[in-house]
1. Taking only DSSP H segments of four or more residues, each worth -39500 (n - 2.57), what value at 222 nm results for the chain once the sum is divided by all its residues, to the nearest 500 deg cm²/dmol?
2. What FRET efficiency would be calculated for the residue pair A142, D21, taking the C-beta separation as r and a Förster radius of 35 Å, to the nearest 0.05?
3. Using a simple spin-label model with points 7 Å from Cα along the Cα→Cβ vector, what separation in nm is obtained for E102 and V163?
4. What list of ³J(HN,Hα) values in whole Hz, one per residue of the range 149-161 in order, does the Karplus curve 6.51 cos²θ - 1.76 cosθ + 1.60 (θ = phi - 60°) give from phi, with Gly and Pro shown as x?
5. Under 19 Å from a point 7 Å along the Cα-to-Cβ line of R2: which residues of the range 107-141 have their amide N that close?
6. To the nearest 0.05, what FRET efficiency results for A37 and D91 with a Förster distance of 25 Å applied to their C-beta separation?
7. Bins of 5 Å, beginning at zero and ending with the bin holding the largest distance: percent of Cα pairs per bin for the chain, please.
Amino acid sequence: MRFDKTELEGAWLIHLEPRWDIRGFFARTFSVDEFQAHGLETNFPQHSVSLSLRKGSLRGMHFQRPPHGEVKLVRALSGAIWDVIIDLRPDSRTFRRWQGFELSAENASQLYIPKGFAHGFQTLTDNVHVNYLISAFHAPDAAAGVRHDDAAFGITWPLPVTVISEKDLLWPDFQDRA
């Protein structure tokens with residue numbers, strides 16, 4: 001694996017290094033030793049997957065409030081997504097900044113998202129499977145989010161939104177949070 005720092009403090013874009021032969025390829029997607037060498041989380045007790053059927057679907061922007069923060073390792077298993085993270089850590093030098101990444105089955109990249117970040121994505125193709133390794137068990141009472149179109153962040157999405165949940169449409173403005 002190749003680990004590339006992103007513009008946002010503590011977030012990493014991780015590229016698989018496939019070993020090809022006549023059958024196809026084999027690649028590591030996770031190694032405790034390599035993650036520890038970069039000072040990253042290595043305990044992921046919850047693994048999840050999502051399926052988004054339509055191109056343009058948007059999921060996010062989600063996070064867990066402290067003390068239930070989650071580190072996530074996200075990868076597209078089929079199709080492609082525009083994956084966006086926002087640094088919501090008030091003490092961070094990159095507070096309120098966002099960055100987007102194309103993750104696809106083809107490019108085999110994955111995104112390491114630290115605690116204190118909001119996360120969401122838009123599908124760039126139909127029938128997208130996304131895999132998540134998560135460092136903490138979901139705590140429903142700590143679930144929170146910010147709107148995908150909140151002016152406090154000015155996120156640029158690549159496509160018109162075709163499908164979004166009512167819950168994701170109703171998150172409050174970031175500036176209104178206590």
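1. -1000 deg cm²/dmol
2. After rounding, the FRET efficiency stands at 0.20.
3. The two pseudo-label positions are separated by 2.2 nm.
4. Those phi angles translate into 10, 5, 4, 4, 10, x, 5, 9, 9, x, 10, x, 6 Hz.
5. The answer is 107-112, whose backbone nitrogens lie closer than 19 Å to the label point.
6. Values: r = 25 Å, r/R0 = 1.01.
Step by step, r from the Cβ atoms, then E = 0.50.
7. 1, 8, 17, 21, 22, 16, 9, 4, 1, 1, 0, 0
Throughout, read-outs are computed from the coordinates displayed, never taken from laboratory work. Just so you know, these numbers come straight off a predicted model, no measurement behind them. All Cβ positions, even for glycine, are placed from backbone atoms using ideal geometry, and neighbour counts span all protein chains on display.
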